[in-house]
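Q: Below is a structure I'd like to ask you about.
The values are calculated or read from the model by the stated rules, or taken from the named source; none is laboratory data. Nothing here was measured: the structure is a model prediction, and the numbers come from that model. Glycine also receives a Cβ, built like all others from the backbone with ideal geometry; neighbour counts cover every protein chain displayed. Quick note on the areas: whole protein, heavy atoms, side chains included, nothing else; ligands and nucleic acids left out. Shrake-Rupley method; radii C 1.70, N 1.55, O 1.52, S 1.80 Å.
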Amino acid sequence: MILTLSCPDRHGIVAAVSAFLLQRDANISDAQQFGDAQSGQFFMRVVFEPSERDSEQAIRDAFSPLGQRFEMDWTLRGPEPRKVMILTSRFDHCLADLLYRWRIDELQMEVTAIVSNHPRDMIGHVDLGDLPFHHLPMAGDKAAQEAKLLALIEETGTELVVLARYMQILSDDLSARLAGRCINIHHSFLPGFKGAKPYHQAHARGVKVIGATAHYVTADLDEGPIIEQDVERISHRDAPADLIRKGRDIERRVLARAVSHHLNDRILMHDGKTIVFAD
């Protein structure tokens, strides 16, 4: 099981959590914590194996008084995989990479559906297998299509929505409804070159590194809490096509890491920022 918590920083938090798990014969396999001196907040992630006689609900009920005592915002989750929906457009490299990592059990998740604003035969050569596919074109009544998308998310019990180069801007309402459970990959190292042809803009400016940024979606376009970033050095010898090729590789690995962090409860948010307990 994975316990995550945040609360005002004070003495005795780690000791209290450790003592609680010891008293219930739980075995701690990993523990990470961080005290933010600027905000006065404390963050913690604990992975543990409960005793055979303990259920998740029993632990949850027993931990509640401790959570109240320290004013904790906490979650407790068992080993079941998270339900994930992937949205994509015509760029298929991130979708293909996520599905590959899922199929080799690198990403422990249940894929509820693949959704695209393009027909299935226009999203590249990705083998979707038996995964449900939904075509929701956004060129017409976008509000109606977003309502269908939200209904699909709710019907499937989807816990995380991943925008795998989904080239549509979510409405403020949908962004708000998916707060904290929708990850986007941005094709630059934010803050950076926004709008059309970012790699061409970067080439024109003679940049020496390119990158990608995975972040949670908010109503403010590309301004959500950043989860993961990476860069790669380039030179004057690289043409825009080279930047695009290298950029795709960065996008794949950055998005995969961000999704993995979320699936494994490694991300805690506070004041518009993320605390990521990376493995």
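Q: How do the peptides 124-137, 242-255 rank, highest first, by the average count of neighbouring beta carbon atoms within 10 Å per residue? If you can, show how the numbers build up before the last one.
A: Working: 124-137: 12.4, 242-255: 19.0.
Going by the mean number of other Cβ atoms within 10 Å, highest first, we get 242-255, 124-137.
Q: When the accessible area of the chain is split by element with a 1.4 Å probe, what percent falls to carbon and sulfur?
A: On the way: 7020 of 14080 Å².
Carbon and sulfur atoms account for 50 percent of the accessible area of the chain.
Q: Enter the angle in degrees (range 0 to 90, nearest 10) between the Cα long axis of helix 56-69 and the first principal axis of the Cα atoms of the chain, meaning the one along which they spread out most.
A: It is inclined by approximately 80 degrees.
Q: I would also like to ask the following. Cut-off under 28 Å on the C-alpha distance; same-chain residues fewer than 8 positions from K83 excluded. Which lysines are left, in chain and number order?
A: Candidates past the 8-residue exclusion: K142, K148, K273.
Q: Follow-up. Counting only protein chains, not ligands or nucleic acids, how are T213, T274, T75 ordered by accessible area (probe 1.4 Å), most first? Display every interim value, and only then the final one.
A: Details: T213 0, T274 35, T75 65 Å².
Ranked from most to least accessible, the order is T75, T274, T213.
Q: Quick query: amide H of T274 versus all other amide H atoms, modeled in the peptide plane; which residues come in under 5 Å with a sequence gap of 5 or more or a different chain?
A: Here the answer is I226, since their amide H atoms fall under 5 Å of that of T274.
Q: Out of region 1-105, which trypsin sites (Lys or Arg not before Pro) are coil in DSSP terms and have no more than 13 other C-beta atoms within 10 Å? All intermediate terms of the calculation are to be shown ahead of the outcome.
A: Values: sites: R10, R24, R45, R53, R60, R69, R77, R82, K83, R90, R101, R103; in loops: R10, R24, R53, R90.
Those satisfying the criteria are R10, R53, R90.
Q: Rounding to the nearest 10 and keeping the result within 0 to 90°, find how far the Cα-based axis of helix 13-23 lies from the longest principal axis of the chain.
A: Tilt relative to the chain: about 70 degrees.
Q: Still on this model: Would you list which aspartates and glutamates come within 14 Å of K246, measuring only between C-alpha atoms, while excluding same-chain residues fewer than 8 positions from it?
A: D230, E232, D238
Q: Leaving out ligands and nucleic acids, note down the accessible area per residue over the chain with a 1.4 angstrom probe, in whole Å².
A: 50 Å²
Q: Still on this model: What is the Rg over Rh value, at two decimals, for the chain, using alpha-carbon atoms and the Kirkwood definition of Rh?
A: On the way: Rg = 20.6 Å, Rh = 20.5 Å.
For the chain, the value is 1.01.
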